[in-house]
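Report on the structure given below.
The values are calculated or read from the model by the stated rules, or taken from the named source; none is laboratory data. Everything numeric here is computed off the predicted structure, so don't read it as measured data. Every residue, glycine among them, receives a Cβ derived from its backbone with ideal geometry; neighbour counts consider all protein chains shown. These accessible areas exclude ligands, DNA and RNA; they are computed on the full protein's heavy atoms, side chains included. Shrake-Rupley method; radii C 1.70, N 1.55, O 1.52, S 1.80 Å.
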Amino acid sequence: ILAGCAARAVPPGPGLPPEAARLVPGSDEAPGFLIADDGYRLPLRAWLPAEEPPRAVLLALHGFNDYSHAFAQPGAALAARGIAVFAYDQRGFGATAHAGLWAGRQTLTGDLATATRLLRARYPGTPLYLLGSSMGGAVVLAAEARAEPPPVDGLILAAPAVWARDTQPWYQRAGLWLMVRLAPGLRPSGRGLEIQASDNIEMLRALGRDPLVLKDARFDTLGGLVDLMDAALSAASKVRRPTLLLYGEKDEIIPQVPVELLWRKLPAATPARYVVYPDGWHMLLRDLQAAVVIDDIAAWIADPAGSLPSVGEARAHETRAAAD
């Protein structure tokens, strides 16, 4: 009985020397791999422009229970515009070993640091950006609090998971605290919550059929996710590089209040943009209006201070003015 109350985590890799870390790109159909500093193997997908070198490189991090295939649509669209897109399955997700177990904030941000270092070496002199979707956005933000943040030129946060404990109702915090300690391995499915992640119903049905998309989560994994969201929101004040924050008004996964709090926590000197899409849901890059979001990302990479194709930013500026 006591053993059943013990939390589990993704074990470390085989312990290869850090210089053994390497990156071998693959396609969406035939993924390559990223070997992390500790030897752990992470499936890696890449969408590359027809001509080299690319005008920019984008490293994309997927959301909770998802995997790198999440960027198939935006990856192909951005590659057609000369932007190389790389995405790997984060530890504990997709086709990695020990899928379903939590790897921990330090490990997740460490893998991100390794991947950015390898991409910098592969594309010296080419602008490098991070794109974090939902949980991936939380990892990107948490990495900013490391002693040596990833060496990138800018951050793109799509519906970042920053629903920290301080912004959650007390009963939600208390319930998770209790279940992590009493039944960490129990896997609530979330069925019956009547929460919709996107208006792209065909895509949602495909996710339901995809064996690499996790359909539930252990309570200790959920606890780890909340720990990560705490760290992500706290790290907002440490962001110094250009940042593009994207959010959909119809998001039923991450409430707007913590996202607005994230926006207010960004330092005044940080060149940041905030776009709110009236028709956007949580899966902004796979919603029916995903093309609008992808156009904004491409335009921002081309000129972070220039105008964006969407009309959502006017509302976001009003939000920033009210926050200030």
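Computed on the range 183-324, the Cα convex hull volume stands at 133 Å³ per residue. The base-10 log of I(q)/I(0) for the chain, evaluated at q = 0.09, 0.11, 0.13 Å⁻¹, reads -0.43, -0.65, -0.94 [Debye formula, identical scatterers on Cα atoms, solvent excluded].
A Stokes-Einstein calculation at 10 °C with viscosity 1.306 mPa s, built on the Kirkwood radius of the range 1-128 over Cα pairs, returns a diffusion coefficient of 105 µm²/s.
Taking the Cα centre of the range 241-299 as reference, the dipole from Cβ charges on Lys and Arg (+1) and Asp and Glu (-1) amounts to some 360 debye. Packing, as the average of other Cβ atoms within 10 Å across residues, places the peptides 76-85, 229-238 in the order 229-238, 76-85, highest first. Relative to the Cα centre, the charge distribution of the range 17-94, modelled as +1 at Lys and Arg Cβ and -1 at Asp and Glu Cβ, gives a dipole magnitude of about 120 debye. Here the chain is assigned +1 on the Cβ of each Lys and Arg and -1 on the Cβ of each Asp and Glu. Its dipole about the Cα centre then comes out at about 760 debye. In the chain, helical runs assigned H by DSSP with n ≥ 4 each contribute -39500 (n - 2.57); averaged across all residues and rounded to the nearest 500, the mean residue ellipticity at 222 nm is -10500 deg cm²/dmol. Ligands, DNA and RNA left out, the 1.4 Å accessible surface of the range 164-310 is 57% carbon and sulfur atoms.
Leaving out ligands and nucleic acids, and using a 1.4 Å probe, what accessible area per residue does the chain come to in Å²? Don't skip to the end; give the middle numbers.
On the way: 14000 Å² over 324 residues.
The answer is 43 Å² per residue.
On the range 1-140, 58 percent of the accessible area sits on carbon and sulfur atoms, based on a 1.4 Å probe. Label-to-label distance for R187 and E148 is 3.8 nm, based on points extended 7 Å past Cα in the beta-carbon direction.
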